[in-house]
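A short write-up of the structure that comes next.
The values are calculated or read from the model by the stated rules, or taken from the named source; none is laboratory data. Only a predicted model underlies this, so the values are computations on that prediction, with no experimental measurement involved. All Cβ positions, glycine included, derive from the backbone under ideal geometry; neighbour counts span all protein chains shown.
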Amino acid sequence: MLAQIPLRRMKVITPLQIVLFWGGPTSAGRVEALINLMKDPSIMKRKLYALFLCLGLSVAVLMTAPQVQAGLGESADSVASDRKALSAVQRASTVRNGYTVQEFASDATAVREYISPSGIVFGIAWNGLAYPDLTPLLGSYASEYQQALQQTPHQPGLRRYHAVQTDRVIVEKWGNMRNLQGRAYAPALIPPGVSIDEIK
């Protein structure tokens, strides 16, 4: 069939075009698709325009999608994002002297976020069967926590206290296998008159 196409009408076919137009389920269908492509390159142009249009729309949607906010150091609005990131459900919101506590829980862990009167999360505490993923909870503090964690010696044992401290954040973990606990807080963000012992 290829021999029937006049040489002057044949176009150069790139590997990308072959991949995009490899055609039907049979080898005959694939050959037919290539022949049609060589006879009419405008098919390729239309398909490429459609492909680039779809890619452009996808990029636009991703760029305008709201970014997941972090917990520690962010506004109280970030609590909903943290809850979603941990697949947890809202439990309670409690107003205390000088701050508010919002609690949410998953099947394995309960998390409490401590919010100052100015609406900033200054501390986080948790307890349960497993430690929560601290990356969304620590937000902008997560990278420096990870760096400090790598430099902190590991202490073996089922029941232990483990603390990681940087210039801006302190993360503490303790407990046993069925009751793992911990907290993270930014000392500079703790409201006046609030003790770190209240973050629990």
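Quick one: would you say Arg168 is of a type in the set (D, E, K, R) and in contact (Cβ under 8 Å) with a residue 24 or more places away in the chain? Yes, satisfied. Residues in segment 173-200 that are without any contact (Cβ under 8 Å) to a residue 40 or more places away in the chain and hydroxyl-bearing (Ser, Thr, Tyr): Ser195 only.
Yes/no matrix, rows are residues, columns are (1) in contact with a Phe, Trp or Tyr (Cβ under 9 Å, 6 or more places away or on another chain); (2) under 20 Å from Val101 (Cα atoms); (3) small (Gly, Ala, Ser):
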residue	(1), (2), (3)
Ala125	yes, yes, yes
Leu129	no, no, no
Gln151	no, no, no
Glu172	yes, yes, no
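Mind telling me which of the residues Ile190, Ile170 ends up being modelled with pLDDT of 90 or more and more than 26 Å from the chain's Cα centre (by Cα)? Within the list Ile190, Ile170, the selection yields Ile190.
Of the strands (runs of 3 or more DSSP E) entirely within segment 106-200, those holding at least 3 residues that are surrounded by 14 or more Cβ atoms within 10 Å (Cβ to Cβ) occupy 109-115, 121-128, 170-176, 179-185.
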